Amino acid sequence: GAVASGAVVSNGGVEVVWVGGTASATVVSSGGVENIYGVDSGGTVQAGGRANVFAGATARNMTVSGFETIYSEGVTSNTVISSGGLVADYGTAVGTVVRSGGELDVKSGAVASGTVVSTGGVETVFVGGTANATVVSTGGRENVYGVDSGGTVQAGGTLYIRSGGTGANTTVSGGETI
C-alpha cells in the first residue's frame, strides 16, 4: 500500500514499484530504470531512461521519450510517446498517442487499442500483434504485418498493409492505404 510521489531516478538508479505499491509523477532520466509491478501514474521517461511494465502492472498517463516495455499481461493507458520514444508492447496498450519521432511497436501476442498516430509518429503491428481502432492522422504512419481492425486513416495519413498483414473494417477518410 506504499505510495512514492515525485521520485527522480537518475543515471544508475532503479525504482521498483512492487505489487500493491503506487508511484506518482516519477521522472526517469537518462540511465535510470523503473520496474513496475504495481501502479505508476503520471510518470515521465526521459531520453535514455527506461521503464518496464511487468505482468499484472498498470502504468497510466505516462509520457515516454525514452524506452518502455510492456510485458505480457502488463497494461498501459493514455501513454504519450514523444520524440525519440519507443514503446515495445507485448501486453496491452490502451489510448496511446504517438507523436512526432515516437514509435509504438505492437509485438506478437500484444494488443493496442485506440491508438492515435499523429504527424511524424509510427505504429508498427508485428506478426501476431493486433491493433484495434487505430486513428492514423495527417502525417502519421501505420505498418501492419499482423492484424489491424476498425482503424481510421485520416487525410494525409498512411496505412501500409505489409506482406501477411490484415486490415479489416478500415475507414479511409482521404488518407492512403497501401
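The values are calculated or read from the model by the stated rules, or taken from the named source; none is laboratory data. Since the structure is predicted, the reported quantities are computational estimates derived from the model, not experimental observations. Cβ atoms come from the backbone with ideal geometry, glycine included; neighbour counts cover every protein chain shown. Surface areas here come from the heavy atoms of the whole protein model, side chains and all, with no ligands, DNA or RNA. Shrake-Rupley method; radii C 1.70, N 1.55, O 1.52, S 1.80 Å.
What the table shows:
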{"read-out": "Residue in region 70-85 that is most open to solvent (accessible area, probe 1.4 Å), counting only those that are free of Cβ contacts under 8 Å to residues at least 40 places away in the same chain and within 13 Å of Asp40 (Cβ to Cβ)", "value": "Asn78"}
{"read-out": "Region 90-111, residues that are at negative phi and out of contact with any Phe, Trp or Tyr (no Cβ under 8 Å at 6 or more places or on another chain)", "value": "Thr92, Ala93, Val94, Thr96, Val97, Val98, Arg99, Ser100, Gly102, Glu103, Leu104, Val111"}
{"read-out": "Unmet criterion (only one of (1) under 14 Å from the mean Cα position of the chain (by Cα); (2) among the polar types (S, T, N, Q); (3) part of a strand (DSSP E or B)) for Ser72", "value": "(3)"}
{"read-out": "Search result, residues across region 1-13 that are assigned to a strand (DSSP E or B) and open to solvent by less than 50 Å² (accessible area, probe 1.4 Å)", "value": "Ala4, Val9"}
{"read-out": "Neighbours by Cβ (under 7 Å, 6+ apart or cross-chain): first from region 119-144, more than 12 Å from Leu159 (Cβ to Cβ); second buried (at least 20 other Cβ atoms within 10 Å of the Cβ) and aromatic (Phe, Trp, Tyr)", "value": "Phe126/Tyr145; Val127/Tyr145"}
{"read-out": "Complete set of residues in region 14-44 that are hydrophobic (A, V, I, L, M, F, W, C), open to solvent by 30 Å² or more (accessible area, probe 1.4 Å) and part of a strand (DSSP E or B)", "value": "Val14, Val16, Val27, Val33, Val39"}
